[in-house]
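Quick notes on the structure that follows.
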Amino acid sequence: MTTQPSAAQPSVVGMPVPRVDGRDKVTGAANYGADVDIPGTLWAKTVRSPYPRARIVSVDASAARALPGVHAVLTGADIPDGMRWGRRIVDVPVLAQGEARFVGEQVAAVVADDEEIAQRAVELVRVEYEELPAVTDPEEAMRNELLVNPGMAAFKGLLYETPEPTNVVVHWEWSKGDVDAGMQEADLVVENTYTTPSQHQTYMEAHNATVRVNPDGTADVWTPGKAPYAVRSQISGPLGVEPESIVFHPVTIGGDFGGKGSPMNVALGYLLSKAAGGRPVKMVFDYSEEFLAANPRHYSKLRMRTGVRRDGSITAHEARILFDSGAYAGFKPAGHLGGAKAAGGPYRTPNARVVEDMVYTHNTPCGHMRGPGEPQAVFALESHIDEVANALGMDPVEFRLMNLVTDGEPTALGDVFVENRASAALEAAVDASGFRRPKAAGVGRGVSVGERPPGGGRINSQVSLEADGSVVITTPLFEQGAGAYTVLQQVVAEDLGLPPDGVRIVVADTGLFDMDQGVGGSRVTNLGTVATHEAVEQAQGELFKLAAELQNWPEEQLAIQGAMLTRTDTGESQPWSNLIARVGAPVVGRGVASGGYENPVTGYCAQVAEVEVDAETGQIRLTKLTTAHDTGTIINPIGHQGQINGGAMMGIGFGLQEELVRENGFVSTLSFADYKIPNIADIPELETVILDEPAKGVGPYNIKAIGESPNAPTAAAIANAIADAVGVRVRDLPATAEKVRAALQNA
């Protein structure tokens, strides 16, 4: 039986409701991980390898241990041999043992009374290294002449068995039809190669963790991780404890963008707390450690090959993608990057193949960043689509409109969605941007298209009707800043006909539910609204049973209308809180939503970038970005627009500025003085277009994804605009003035 909002209560869904967590964040009251202050807390710091690859000959920690205020020092020799963790592939050492495999790998850790003493102790640890040859180029690594992880056959979680050790930790393929035959049918085959750099997520809050091991063997953890249940499982095995014995407590997360879903130093913090007699141990990265040794976006090299007929129809398409995993693969929950599939595209293609190779190197291990694998794939594909259109002498918009799939048609790799609104999104972006208006010299406009289904996984929710008339949502989600709590609040308020401030959010420690996959992959609004709606339905059912028991009211003739429980047959009503007060305990309902990996719907994003390029210097100025979206129900328009603006800005950084510069395994961009991200002066005119036709979404509120789709098409739109402005193309991101000037000189 579905709860209907009160006729007197206006709809809450679709309204710009203020953020649940907004006041605490803007007033400074929010409690972030590094703010956790437990009596007796000690500080930890780590010794990091200065070499891409080196044998650890010896570690002398005697001077550090003798320093007053130092409580413990751990090296690889002090922990069980082979102790590793991983989100899927279990290959990340807690501390390096025998060999360090990238610059910044942790070799030893110290625990002291305060941060200053810990840093002094780190500087007293003497490590003797034997520097060894390293392989830092992923193409060279593919030849397997030097193995990064010779013992990989023993790693748990590999996606398939390997007959012998290899640097190609994952070889993955999606295909449809016969690509070779399709290329033979083509009048023209266009081939291009594109590269994208490693990129840091640049959240404001660095990685941190506070861990306390209790006398009874249980442990408490405070860390800004968005997937606490998953991390609990990932570290419990290596530590030899039951997952339930580790309790993660919620803290405010100061930004994520994909980078805070891994254990990072939680397992090490557990070992350090044990070594320090159970005292709480806090570890906080400084930002140079973030740039050096966190889990950035993967460097990629993408080779595109497309066969077309003279009329513009596509006969075959192939993409071969090489990702540099770095020294380990454990930061990826699927072991590889599923977003690479986007290299196939939403185009009518009878024969297609996308091949992904994930390669070990002696570089920083890489992980997730907003739309993992997708921005790289869409940049290459949508740049290449422009080049194919140019080779045919066709307008890039018309070429896309001719080939974009329509309702019920399979995409290049065979996905069939009930509704394909790519053409509508592209036409909306073109119309709103003035794409076809006359341009001055040096001005260019470029288009790009992407699509993103709602994410899959498992999300839980609990809803309690309280004796004071309030409603409490208890959620296991450690929200990373996207506004999930507000969305859930709005859904419950809508279901029950209450004002939003009549619904409170409580974030639960791990243990309330068996498992929850947490935030990520554009899953929370999709699955979270389903789970929370189900929890409301269950709570309502329990209330109706209570009314039947206490009032002898028929369950099938009851409805909740705001604060009132009403008989629909007689019109009698009373505050539902009265019934709850009589029994002295809240009425509770739970919901769980899972699946969604093969969604029948998707959402499209089309963008138009406008640039001004100085032909003498190569200087690029992005003047306008128009982004058009095919959406389902928008729960909170402020949060929705924030996702669009934030995603677009990350795409601008990816396209024009951001790069973790590496040379032979050494990272040189170790501060924000060197690693450039867009600031207020770099924000162009942003225009958003939301398609107003009815859209098919998922769940009771007709949801489509928005968290990651605005980020993927931006870099290609910019690159296409540059090519339109000055006639040269940058295929190697970021597109800098130096690269444009060099291309102009070569041209």
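The values are calculated or read from the model by the stated rules, or taken from the named source; none is laboratory data. Keep in mind that this is a model prediction, so the values were computed, not measured. Don't worry about glycine lacking a Cβ; one is built from the backbone with ideal geometry, like all the others, and counts go over all protein chains shown.
Within this structure, Glu659 fails the test of being surrounded by fewer than 23 Cβ atoms within 10 Å (Cβ to Cβ), among the acidic types (Asp, Glu), touching a residue at least 60 places away in the same chain (Cβ under 8 Å) and not in a loop (DSSP other than H, G, I, E, B). Among the residues of region 403-438, those identified as more than 25 Å from Gly307 (Cα to Cα) and in contact with a strand residue (DSSP E or B) (Cβ under 7 Å, 6 or more places away or on another chain) are Ala425, Ala428, Ala429, Val430, Ala432, Ser433, Phe435.
Being among the small types (Gly, Ala, Ser), touching a residue at least 60 places away in the same chain (Cβ under 8 Å) and assigned by TED's automatic domain parsing to the domain that holds Gly86 is a property that holds for Ala108. Taking strands (runs of 3 or more DSSP E) that fall entirely within region 436-494, which contain at least 3 residues that are in contact with a Gly (Cβ under 8 Å, 6 or more places away or on another chain), of a type outside the set (Phe, Trp, Tyr) and not assigned by TED's automatic domain parsing to the domain that holds Lys624? Per the criteria, 457-465.
Scan region 279-292 and give yes if some residue there is in contact (Cβ under 8 Å) with a residue 40 or more places away in the chain, farther than 18 Å from Lys45 by Cβ, touching a strand residue (DSSP E or B) at 6+ places or on another chain (Cβ under 9 Å) and buried (at least 20 other Cβ atoms within 10 Å of the Cβ), otherwise no. No, because not a single residue in region 279-292 is in contact (Cβ under 8 Å) with a residue 40 or more places away in the chain, farther than 18 Å from Lys45 by Cβ, touching a strand residue (DSSP E or B) at 6+ places or on another chain (Cβ under 9 Å) and buried (at least 20 other Cβ atoms within 10 Å of the Cβ).
Just one of the listed residues (Ile314, Ile321) is at pLDDT 95 or above and in contact with a Lys or Arg (Cβ under 7 Å, 6 or more places away or on another chain), namely Ile314.
From the residues in region 550-608 that are closer than 30 Å to Val430 by Cβ and assigned to a loop (DSSP other than H, G, I, E, B), which one is modelled with the lowest pLDDT?
Among them, the one singled out is Asn599.
Within region 374-382, not a single residue is surrounded by fewer than 23 Cβ atoms within 10 Å (Cβ to Cβ) and within 20 Å of Leu302 (Cβ to Cβ). Going by the conditions given, is Glu479 acidic (Asp, Glu) and either free of Cβ contacts under 8 Å to residues at least 24 places away in the same chain or touching a Pro at 6+ places or on another chain (Cβ under 6 Å) (or both)? In short, no. Taking into account only those residues within region 616-641 that are over 26 Å from Asp692 (Cα atoms) and in contact with a Lys or Arg (Cβ under 9 Å, 6 or more places away or on another chain), which is surrounded by the fewest Cβ atoms within 10 Å (Cβ to Cβ)? Going through the qualifying residues, I end up with Glu616.
A quick yes/no check of all residues on (1) part of a strand (DSSP E or B); (2) of a type in the set (Asp, Glu); (3) modelled with pLDDT of 95 or more; (4) surrounded by 20 or more Cβ atoms within 10 Å (Cβ to Cβ):
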site: Tyr229; (1), (2), (3), (4): no, no, yes, yes
site: Glu244; (1), (2), (3), (4): no, yes, yes, no
site: Phe248; (1), (2), (3), (4): yes, no, yes, yes
site: Gly255; (1), (2), (3), (4): no, no, yes, no
site: Gly259; (1), (2), (3), (4): no, no, yes, yes
site: Leu271; (1), (2), (3), (4): no, no, yes, yes
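Taken together, Gly330, Gly335, Gly345, Gly312 contain a single residue that is in contact (Cβ under 8 Å) with a residue 60 or more places away in the chain, out of contact with any helix residue (DSSP H, G or I) (no Cβ under 9 Å at 6 or more places or on another chain) and assigned to a loop (DSSP other than H, G, I, E, B), which is Gly335. Taken together, the residues in region 694-738 that are outside any loop (DSSP other than H, G, I, E, B) and surrounded by fewer than 19 Cβ atoms within 10 Å (Cβ to Cβ) amount to 3.
Yes or no, residue by residue, for (1) closer than 19 Å to Ala319 by Cβ; (2) in contact (Cβ under 8 Å) with a residue 24 or more places away in the chain; (3) of a type in the set (Phe, Trp, Tyr); (4) in contact with a Gly (Cβ under 8 Å, 6 or more places away or on another chain):
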site: Pro133; (1), (2), (3), (4): no, yes, no, no
site: Asn144; (1), (2), (3), (4): no, yes, no, no
site: Gly157; (1), (2), (3), (4): no, yes, no, yes
site: His171; (1), (2), (3), (4): yes, yes, no, no
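Contact map, region 549-570: residues that are under 26 Å from Ser11 (Cα atoms) paired with residues that are surrounded by fewer than 16 Cβ atoms within 10 Å (Cβ to Cβ) and aromatic (Phe, Trp, Tyr), Cβ distance under 9 Å, separation 6+ or inter-chain. No pairs are found.
Checking each residue in region 213-225 for being crowded, with 24+ Cβ neighbours inside 10 Å and charged (D, E, K, R) picks out no residue at all. Among the residues making up region 669-693, those that are among the polar types (S, T, N, Q), in a loop (DSSP other than H, G, I, E, B) and at pLDDT 95 or above are Thr669, Ser671. Of all residues in region 247-263, those that are more than 18 Å from Ala508 (Cα to Cα) have Cβ atoms under 6 Å from Cβ atoms of residues that are acidic (Asp, Glu), 6 or more apart or on another chain, in Gly254/Glu205; Gly255/Glu205. Screening Leu498 against (1) under 15 Å from Ile703 (Cα atoms); (2) not in a helix (DSSP H, G or I) leaves a single unmet condition, (1).
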